[in-house]
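Down below is the structure, laid out as structure tokens.
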Amino acid sequence: MRRGILGGTFDPIHTGHLILAQEVLWRLGLDEVWFVPTGEPWMKRGQRLTSKEHRKAMVQLAIETNERFRLSTIEMDRPGETYTVDTLEELRAGDMRDDDVLFIMGVDTLNSMHRWKAPERILELTQLVVALRPGHGPLDLTTLEAIDPTVGERLMTVHLPLIEISGTELRRRATAGEPYRYLVPDAVGEYIEEYGLYR
């Protein structure tokens with residue numbers, strides 16, 4: 001199978017995530033996109049995150065109407081800090097052993113990837129798909145090419161419409177009592193209200 005992996009804190013998952021996943025799935029002919037919420041992301045060490053249970057539930061609600069979207073709790077189930085390379089190693093040894101695996105990210109994430117644990121191994125385990133959006137700057141592969149000079153030949157890009165939604169802004173809106181309807185799926189908005197998240 002041809003599968004995409006979309007990771008993130010999903011705190012909360014929002015419409016931008018779903019549009020990204022659907023666009024990549026369609027443009028690159030994927031069979032599925034797996035949403036992988038982080039457990040304890042090392043890059044957000046010390047930051048307060050909504051509980052794993054709530055973030056997992058919101059992802060499940062957001063994707064339940066798309067039969068080609070899947071939720072994986074592989075990172076939430078693993079103790080300790082979360083590293084992408086460990087997730088990819090585990091998936092490639094198990095559920096995705098014989099698959100064509102694509103790792104989906106935005107330009108901003110790509111620009112920090114050289115700081116991740118074992119980026120050279122990540123480049124061996126998967127093919128990168130980078131979402132390009134208007135106003136988010138050019139693709140700069142300088143730091144990754146220092147790790148793997150061939151990365152530019154294997155990296156794929158997908159152009160997305162400009163949709164400015166962020167988890168930070170959604171949390172701010174919820175805390176301030178401002179509307180966020182249509183920025184998240186209705187079921188996610190109802191869940192946030194039911195459990196009083198971000199208040």
Exactly one of Leu110, Leu128 is part of a strand (DSSP E or B) and free of Cβ contacts under 8 Å to residues at least 40 places away in the same chain, and that residue is Leu128
The listed residue being surrounded by 10 or more Cβ atoms within 10 Å (Cβ to Cβ), farther than 22 Å from Trp26 by Cα, at pLDDT 90 or above and polar (S, T, N, Q), out of Thr157, Thr175: Thr175
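Of everything in the stretch 58-112 that's among the acidic types (Asp, Glu) and either over 18 Å from Leu30 (Cβ atoms) or in contact with a Cys (Cβ under 9 Å, 6 or more places away or on another chain) (or both), which residue is surrounded by the most Cβ atoms within 10 Å (Cβ to Cβ)? Steps first, please.
If we filter the stretch 58-112 for residues that are among the acidic types (Asp, Glu), which is where we start, we get 64, 67, 75, 77, 81, 86, 89-90, 95, 98-100, 108.
Subset that is either over 18 Å from Leu30 (Cβ atoms) or in contact with a Cys (Cβ under 9 Å, 6 or more places away or on another chain) (or both): 64, 75, 77, 81, 86, 89-90, 108.
Values: Glu64: 12, Glu75: 21, Asp77: 10, Glu81: 16, Asp86: 17, Glu89: 15, Glu90: 15, Asp108: 11.
In this case the residue turns out to be Glu75.
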When you check Val130 against the structure, is it in contact with a strand residue (DSSP E or B) (Cβ under 6 Å, 6 or more places away or on another chain) and either closer than 19 Å to Leu18 by Cα or not hydroxyl-bearing (Ser, Thr, Tyr) (or both), yes or no? yes
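Yes or no, residue by residue, for (1) over 13 Å from Gly7 (Cβ atoms); (2) out of contact with any strand residue (DSSP E or B) (no Cβ under 6 Å at 6 or more places or on another chain):
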| position | (1), (2) |
| --- | --- |
| Pro41 | no, no |
| Met58 | yes, yes |
| Asn66 | yes, yes |
| Glu81 | yes, yes |
| Leu88 | no, yes |
| Arg92 | yes, yes |
| Ser112 | yes, yes |
| Glu120 | yes, yes |
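With respect to Thr65, determine if the residue is in contact (Cβ under 8 Å) with a residue 60 or more places away in the chain and hydroxyl-bearing (Ser, Thr, Tyr).
On the way: in contact (Cβ under 8 Å) with a residue 60 or more places away in the chain: no; hydroxyl-bearing (Ser, Thr, Tyr): yes.
Considered against the rule, which asks whether it is in contact (Cβ under 8 Å) with a residue 60 or more places away in the chain and hydroxyl-bearing (Ser, Thr, Tyr), Thr65 comes out as no.
Checking the condition modelled with pLDDT under 95, under 14 Å from the mean Cα position of the chain (by Cα) and not in a strand (DSSP E or B), which residue from Gly46, Gly39 passes? Write out each step before concluding.
Values: Gly46 fails: under 14 Å from the mean Cα position of the chain (by Cα).
Going through Gly46, Gly39 in turn, just one is modelled with pLDDT under 95, under 14 Å from the mean Cα position of the chain (by Cα) and not in a strand (DSSP E or B): Gly39.
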Please verify whether the stretch 113-127 includes one or more residues that are more than 17 Å from the chain's Cα centre (by Cα), among the acidic types (Asp, Glu) and farther than 16 Å from Gly8 by Cα. yes
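The values are calculated or read from the model by the stated rules, or taken from the named source; none is laboratory data. Bear in mind that the values here come from a model prediction, so they are computed numbers and not experimental data. Virtual Cβ from ideal backbone geometry, glycine too; neighbours counted across all protein chains shown.
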